[in-house]
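Worksheet: one structure, shown below.
The values are calculated or read from the model by the stated rules, or taken from the named source; none is laboratory data. Here the structure is a predicted model, which is why all the values come from computation and not from measurement. Neighbour counts run over all protein chains shown; Cβ positions are idealised from the backbone, glycine included. Only protein heavy atoms, including side chains, enter the accessible area calculation; ligands, DNA and RNA are left aside. Shrake-Rupley method; radii C 1.70, N 1.55, O 1.52, S 1.80 Å.
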Amino acid sequence: MQAFAEAILAGAGGEDLAALPIPESYRAAHVLASEVEMFEGVESADKDPHKSLHVSEVPVPELAPDEAYVAVMASAINFNTVWTSIFEPLPTFGFLKRLGKESVWGARHDLDYHVVGSDASGVVLRVGSLVRNWKPGDKVVIHCNYVDDQDPSSHDDSMMASNERIWGFETNFGGLADLTVVKANQLMPKATHLSWEEAAVNALCNSTAYRMIVSANGAAMKQGDRVLVWGASGGLGGYAVQHVLNGGGTPVGVVSSPEKVQLLHDLGVEAVIDRKAAGYRFWSDEHTQDESEWRRFGKDLRALVGDDPDIVFEHPGRQTMGASVFACKRGGTVITCAATSGYMIEYDNRHLWMRLKTIKGSHFANYREAWDANQLVCEGKVLPPLSAVYPLEEVGEAASQVHHNLHEGKIGVLCLAPREGLGVDDGSLREKVGEQRITLFRRHRA
Ligand SMILES: NC(=O)c1ccc[n+]([C@@H]2O[C@H](COP(=O)([O-])OP(=O)(O)OC[C@H]3O[C@@H](n4cnc5c(N)ncnc54)[C@H](OP(=O)(O)O)[C@@H]3O)[C@@H](O)[C@H]2O)c1
């Protein structure tokens, strides 16, 4: 893959890249089926991605007709890589086994190692015989919705397809590697004003937040809506607040340190709550929630933005859902895509039905939504919340940072890109969007 890296960095065109041979193996971050029990009896917080994530050469799989090989310049850590690396809530090898039974091409994925990673920026090296819209040399980012276009249900909203999967989590050959194999309908243009690592971090969280906030499949925010965003300087939240601001809404961000409060103010979010400083105790013990704390939280929200939130952007799950349902405005929507702190949820149903609220589930995004969200990145209307960058060899440390909530925004990972700052093709657009704005999270972390 080094020959491809050198050619790309030297500005080689598609014909030059097509003339270079695809190697037999490539460097990839992966977990091993033989190690899924390595953390047996260990507390979640102590399960260490340094131990389970390995970086070494693995064989290059064959290319299916609807796929592309992409040289990965940079990738990113998502929470799903944390889940895979600590084998929670279950090892991901079961997903690969199921995919393996689907078709001849699916069988390639069922291996005793799982190459992880659900984001990437890079350059197309080869395309399969069915691929029409992409060619070697195209600079791309990759979204993680892996769908089967022969499923009728995928033709309305592809997230409805019964065998929809997340690339690099429920499929093999993910993005934390020097090469990846993806379906052509996962490809999107790379923003010309961003570096490889700035471009790599966006697709998963930006598309997810876009569907949750903007899309009719999500909460369909309108101008003037107040939107409560948990983890507002985190991976999802860092995009959610930008979509709320762009759409004329008022975000209320919740974070857990004064530094994160300042970061959100710098991003343009005026209303921010430091949940640690406020000391909310939504749970008085492991089994009992405290409604008076929900009330205190609701009062704080109203004091900040004048009314209850029309939309609550939920993902912490068990720890916050009771408060989210309570605080949401009469007739409002709690939109949820995750349950980081536990998926067995409890809330007081009276607050839901008596005040006509809705809880709506959301998961990643269809190609249309991912494409539209990416367009906003390409136009400089959504900024990459990239706060730290690690080389692929240190992927265990990068995942550990996210596992222990020590990060802000997104963590990038350099794969074939030898250093940060490469890959910017449109300096004048970068200047127009603003270097200070693009690098806000990175400078904040420095
Ligand atoms: N379904 C999907 O398509 C989809 C897509 C992306 C992510 N996810 C899931 O969504 C979750 C968040 O992902 P992410 O990338 O945003 O992760 P992240 O970068 O770790 O950010 C999550 C933030 O949530 C806040 N948080 C964590 N635990 C909390 C708690 N108990 N109470 C209140 N706030 C809490 C933290 O912010 P503060 O400490 O600053 O408050 C944290 O930074 C993960 O579980 C991930 O797997 C799902």
Qualifying residue in region 366-383 (condition: part of a loop (DSSP other than H, G, I, E, B), over 21 Å from S257 (Cβ atoms) and open to solvent by 30 Å² or more (accessible area, probe 1.4 Å)): yes
Among (1) in a loop (DSSP other than H, G, I, E, B); (2) open to solvent by less than 60 Å² (accessible area, probe 1.4 Å); (3) away from the ligand (no atom under 14 Å from the Cβ); (4) under 22 Å from H54 (Cα atoms) - the single one G421 does not satisfy: (4)
Cβ pairs under 9 Å, 6+ apart, first in region 405-423 and farther than 24 Å from E259 by Cα and in contact (Cβ under 8 Å) with a residue 60 or more places away in the chain, second open to solvent by 10 Å² or more (accessible area, probe 1.4 Å) and small (G, A, S): A417/G423
Looking only at region 214-240, and only at residues there that are closer than 19 Å to T340 by Cα and not in a loop (DSSP other than H, G, I, E, B), the one that is farthest from the ligand (Cβ to nearest atom): L228
Subset of region 345-365 (residues that are within 16 Å of the ligand (Cβ to nearest atom) and either assigned to a loop (DSSP other than H, G, I, E, B) or surrounded by 14 or more Cβ atoms within 10 Å (Cβ to Cβ) (or both)): I345, E346, Y347, I359, K360, S362, H363, F364, A365
Criterion (open to solvent by 20 Å² or more (accessible area, probe 1.4 Å) and in contact with a Gly (Cβ under 8 Å, 6 or more places away or on another chain)) met by exactly one of L416, L429, L386: L429
Per-region count, region 241-271, residues near the ligand (Cβ under 10 Å from one of its atoms) and within 17 Å of A327 (Cβ to Cβ): 3
Any hit, region 315-330, residues being touching a residue at least 12 places away in the same chain (Cβ under 8 Å), more than 15 Å from the ligand (Cβ to nearest atom) and either in contact with a Ser or Thr (Cβ under 7 Å, 6 or more places away or on another chain) or acidic (D, E) (or both): no
Residue in region 295-305 that is in contact (Cβ under 8 Å) with a residue 60 or more places away in the chain, open to solvent by less than 60 Å² (accessible area, probe 1.4 Å) and within 19 Å of M221 (Cα to Cα) present: yes
Residues within region 165-183 that are farther than 15 Å from A203 by Cα, within 16 Å of the ligand (Cβ to nearest atom) and crowded, with 24+ Cβ neighbours inside 10 Å, tallied: 1
Residue within region 191-207 that is closer than 30 Å to E67 by Cα, among the β-branched types (V, I, T) and within 17 Å of the chain's Cα centre (by Cα) present: yes
Residue, farthest from the ligand (Cβ to nearest atom), within region 389-411, restricted to residues that are aliphatic (A, V, I, L, M) and crowded, with 16+ Cβ neighbours inside 10 Å: L392
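Any residue in region 42-58 that is more than 27 Å from the chain's Cα centre (by Cα) and without any contact (Cβ under 8 Å) to a residue 60 or more places away in the chain? Talk me through it step by step, then tell me what you get.
Here is the first cut: in region 42-58, the ones more than 27 Å from the chain's Cα centre (by Cα) are none.
Within region 42-58 (the criterion being more than 27 Å from the chain's Cα centre (by Cα) and without any contact (Cβ under 8 Å) to a residue 60 or more places away in the chain), the answer is no, since none of the residues qualifies.
If I go through region 184-195 residue by residue, how many of them are hydrophobic (A, V, I, L, M, F, W, C) and open to solvent by 10 Å² or more (accessible area, probe 1.4 Å)? Give the derivation first.
As a first pass, look at region 184-195 and keep what is hydrophobic (A, V, I, L, M, F, W, C): 184, 187-188, 191, 194.
Pick out the ones that are also open to solvent by 10 Å² or more (accessible area, probe 1.4 Å) and you get 184.
Residues that pass the stated criteria total 1.
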